[in-house]
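Reviewing the structure listed below.
The values are calculated or read from the model by the stated rules, or taken from the named source; none is laboratory data. From a predicted model like this one, the values you see are computed outputs, not experimental measurements. A quick note on method: Cβ atoms are made from the backbone with ideal geometry, for glycine too, and the neighbour counts reach across all protein chains shown.
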């Protein structure tokens, strides 16, 4: 686990760092999937301005991960999550998902949901280890997606 990683709402000064993080985290998937994953073309400036992006920051290193959270009527959608390859496997994703659970509780929501491409099998395995269960597989907008859900405990 990385010491000193903190999470906070992203601000306008984080746009380039979030784009860089997305590029580095999703770049390896292009060859696997045969196309650019959607997060590579996201409008992070707009998403940050909308207040839906949170970042994980390591002092002296900067943004090492981010999470896009969208509140829905009955759940909190983790629309996009990325961690820099250099720090993957060191607790950043766990820290971001903890933030998501706390945010969902504040909103009165009892579950987190996410989706990923079926070809991202290692990510699916990671999400399972972090408490997510598969709820559906479908083709949507031409993409083969795996939907997953985790219940939000009443406390961490």
Residue check for residue 113: under 13 Å from the mean Cα position of the chain (by Cα), over 24 Å from residue 17 (Cα atoms), outside any loop (DSSP other than H, G, I, E, B) and at pLDDT 95 or above: yes
Give the residue that is farthest from residue 42 (Cα to Cα), with candidates limited to residues of segment 70-83 that are surrounded by fewer than 22 Cβ atoms within 10 Å (Cβ to Cβ) and either modelled with pLDDT of 95 or more or within 9 Å of the chain's Cα centre (by Cα) (or both). 75
Can you pull out the residues in segment 33-49 that are surrounded by 13 or more Cβ atoms within 10 Å (Cβ to Cβ) and within 16 Å of residue 121 (Cβ to Cβ)? 33, 37
Within segment 103-125, of all residues that are surrounded by fewer than 16 Cβ atoms within 10 Å (Cβ to Cβ) and without any contact (Cβ under 8 Å) to a residue 40 or more places away in the chain, the one farthest from residue 155 (Cα to Cα) is 118
Odd one out for residue 137, checked against (1) in a strand (DSSP E or B); (2) surrounded by 13 or more Cβ atoms within 10 Å (Cβ to Cβ); (3) modelled with pLDDT of 95 or more: (2)
